[in-house]
Every structure is written in structure tokens, then in C-alpha cells.
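The values are calculated or read from the model by the stated rules, or taken from the named source; none is laboratory data. In this text the structure is predicted, and so the values were computed from the model without any measurement. Cβ placement follows ideal geometry from the backbone for every residue including glycine, while neighbour counts extend to all protein chains displayed. Keep in mind that these areas ignore ligands, DNA and RNA; they rest on the heavy atoms of the full protein, side chains included. Shrake-Rupley method; radii C 1.70, N 1.55, O 1.52, S 1.80 Å.
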Amino acid sequence: MNEMPPITDQTSSEQERWLTPGVRGIGAASLLADVGHEIPTALLPSLLTSTLSAPAAALGAIEGVSDALAGAARFGGGFLADDPARRRKVAVGGYTTTAVLGAATAGATAVWQVGILRAAAWTARGLRVPARNALLADIVPAKAYGRAYGFERMMDNLGAIFGPLLALGLVAWLGVTWAIGLSVIPGLLAAVAIIYAIRHTRTPTNRDKVPLKIRIRPVLRGDLGKLMASVAAFETGNVAATLLILRASDLLAPGHGTKTATTIALGLYTAYNVAATIASVPAGRLADRIGARGPVLVLTGGVAAFAVAYGLFTINSAAIVFLAVPFLLAGIGIGAVETAQHSAVAALAPKDLRGSAFGMLATVQSFGNLTASTIAGILWTTISPTAAFTYLTAWMLVALAGLVLSLRR
């Protein structure tokens, strides 16, 4: 009787085909960059209000302007990344500039200086996103897009977990200013990691070069355009995770006190990030295994998880076990959705427009999130939190219906 080859050997061989040095380099860059920018992000409120004696309105204005510029930069970074040679320069420059400018806020002596540095850092961060995603598509075969983008999302989510923890340790040891300044180290290491990835990528030829041109209609033709409509509906209901934390804090405060409620809510948010980290690679693996419809099916499952999560947030329950369910569902949902979105765009976009396609996706994500958070915040304040999450749930259902229709076609 013939013996089957060991499963471990098969798994190892499969990993070797897609988990290349280039993929590992991009994953490391995502992890280190997220650690690097999470430190100044976590400490920005303290720097502004305690060190510089600025009002809370200054923080809101700086973050609002920075997020808007990042969204615009992602669109511009898309057509810059259409050229394979140019996307390498944009990726390296984006990671390096973000690290230096983010850490430079430690030396700011006025609120306006913080605002300029933060906005410039976020603009550089927006420019690099389409270049990184297009670069990853250059490295792996199409049949492994799901696993590659799942790995990159997993590493990014790990950075979101480790960054705030490192910030807490550095503040306790050296203080806020030094902690922000030292964030340049993981940021620059991310730039080194992306250079390492580029060194393990095929060098572009002259035939690969494309002119610098904004292209929208060619990107939105065919299946990619239909998918982007459903993605836009999802992102219009994809609220910032800070509102999930606020919802949990408000529900828990009457029974636990404000301080304890905040601690529990942050613990639930950590569980959200852990769930997103764990879900990313299996979601990508599933998308690859199913075939051509895999990314859309995984995206549909992720959106469904969000719909259930937001529906549960409409219920006024202060039970910690109950609140853990929507946090975990939303974490699993974002891990699946982001992985599926990236792998679907890589598969459906024409090769010479891949940068523009990723730029379009990043722009839709950015401004959709801004719209969702703004409108949900208004509904929260003027009506109730239940009304806000009912609105968000409705958008999830619209996106779900669009994805189901696209699968039927």
C-alpha cells in the first residue's frame, strides 16, 4: 500500500511558495510601521493637553485634518504606484518620511507645529499604502493573493496591539516626549524592511513603465467597479473603533464606575485586535482555496459578521460577556474584510492600473470611515447610541445585499 506524504512536508512546501522573503519583508514593514505610528498616536492627547496645554478641540482639529489629507494622499499615491519602478521609491520614501515626521512631534513647542508635523506624517503614510499593496501583488502568484494579504494584515494588526503597549512602557520609563521621539526607531526599521522586500522582487523593465496619469473610469470598469460599489456601502457604515469603545464604556459605567468601565472597554478593544490578527491569514487561505469567487465570499462573510456585531450594539446590555461577542465579531469581520478587499483588487485590477485600483480602494476606505464616524456621532448625540448603530447596521445590510447579488451574477 502506497504511503501518503507527511502533511507537515506538504504544508511546508506550500508556505515556501508564497511566504517568500519579499512577503515576509512587507509583513515586517507593516508590523514595525504600525508600532512606530501607534506610539505618537496614543500619546498625542497627552502631548497636546498636558505638555502644551491645548484644548481638546485642538486634538479633534489636528486629527480631522490629518485623516482628510491621508485620504487624499491615498488617491494620489494610487496613480503614482501604477509604475512598478516608481512604486518602490514611493514605498521607501513614505515609510521613511512617516517615521521621521511622526517622531519629530516630540520636539514641538507649539500646537501649530504638532498640527503641521502630524498632517505631513499622515500624508506620507497615505501615499505609501497603494504602493505597498501593489508591491505585494508583484511578489506572489495570483493563487496566493489571499494568504499574502492575510499575512500582511495579520502583521499590521499585531503592530496595533504592540504599539500602545510599548508606548505605555516607554512613558513609564522615559516620559511622553522621549517615547514619541524613540518611535522613529521602529519606523525606520520598517523602511529597512520594505527595502529588503524590494531587493527580493523582480526588477521592473522599461516595458513595465506607465505614464503618470489619473485613471478612474478604467479602474471602475467590469467586475472591479461592481465590487467597489459594495465596498463603498460597507465603508460608509464602518465606524471608527473608538465608538465601539465609547459604547462599551457608557454601558459599563453605571455598574462599574468610569475608570473601571474604561479599563474593561480597552480590554475588549484589545480582544477585537487579537481577533482581527488571528482571522486574517485563515480568511486569506479560505479565499485562495475557494477559487475566483473566494475573495468575494470571504468579504461577504466579514460584512455579515459586522452586521450582526452592530446589531448587538443596539441592545442596551452591560454584561461583559455579552459585549465581548460584538467586539470579537467585529474583529473577525475586519480581519476577513481587509484581507478579502486587497486580494480581490489585486486579482481584478489590470496589472498596469493596479496602483490606481489600490489607491481607489484606500480612498473609499478613508472617506467612507470618515462619513460613518461623523454621521454616527451626530445620531449618537442628537438621538441615541441605538439610533447610531441601527444606521450602521443598515449600511452593512446594503453592502451585504450588493455582494450577494454580485455572487449570483
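Computed from label points 7 Å out along Cα-Cβ, the spacing between residue 387 and residue 405 is 2.9 nm. At an R0 of 60 angstrom, the distance between the Cβ atoms of residue 168 and residue 221 translates into a FRET efficiency of 0.80.
Once the Cβ-Cβ distance between residue 143 and residue 271 is put in as r, and R0 is 25 Å, what FRET efficiency do you end up with, to the nearest 0.05?
Efficiency computed from Cβ-Cβ geometry: 0.15.
Per 0.36 nm of contour for each residue apart, how much would the distance between residue 192 and residue 374 grow if the chain were fully extended, relative to their Cα-Cα spacing?
61.9 nm
What list of whole percents do you get for P(r) of the chain, with Cα-Cα distances grouped in 10 Å bins up to the one holding the largest distance? In order of increasing distance, the bins hold 5, 21, 33, 27, 11, 2, 0, 0 percent.
Rolling a 1.4 Å probe over the protein chains gives residue 395 an accessible area of about 80 Å².
How do the peptides 247-259, 343-355 rank, highest first, by the average count of neighbouring beta carbon atoms within 10 Å per residue?
Per-residue Cβ counts within 10 Å, averaged per peptide and sorted highest first, yield 343-355, 247-259.
Each of residue 250 and residue 293 was given a label point 7 Å from its Cα along the Cα-to-Cβ line. The distance between the two points is 4.0 nm.
Of the listed peptides 148-155, 364-371, what is their order by residue-averaged count of other C-beta atoms within 10 Å, with the highest listed first? Write out the running numbers ahead of the final one.
On the way: 148-155: 27.0, 364-371: 19.6.
Going by the mean number of other Cβ atoms within 10 Å, highest first, we get 148-155, 364-371.
Residue ranking by accessible heavy-atom surface, 1.4 Å probe, largest first, among 202, 147, 24 comes out as 202, 24, 147.
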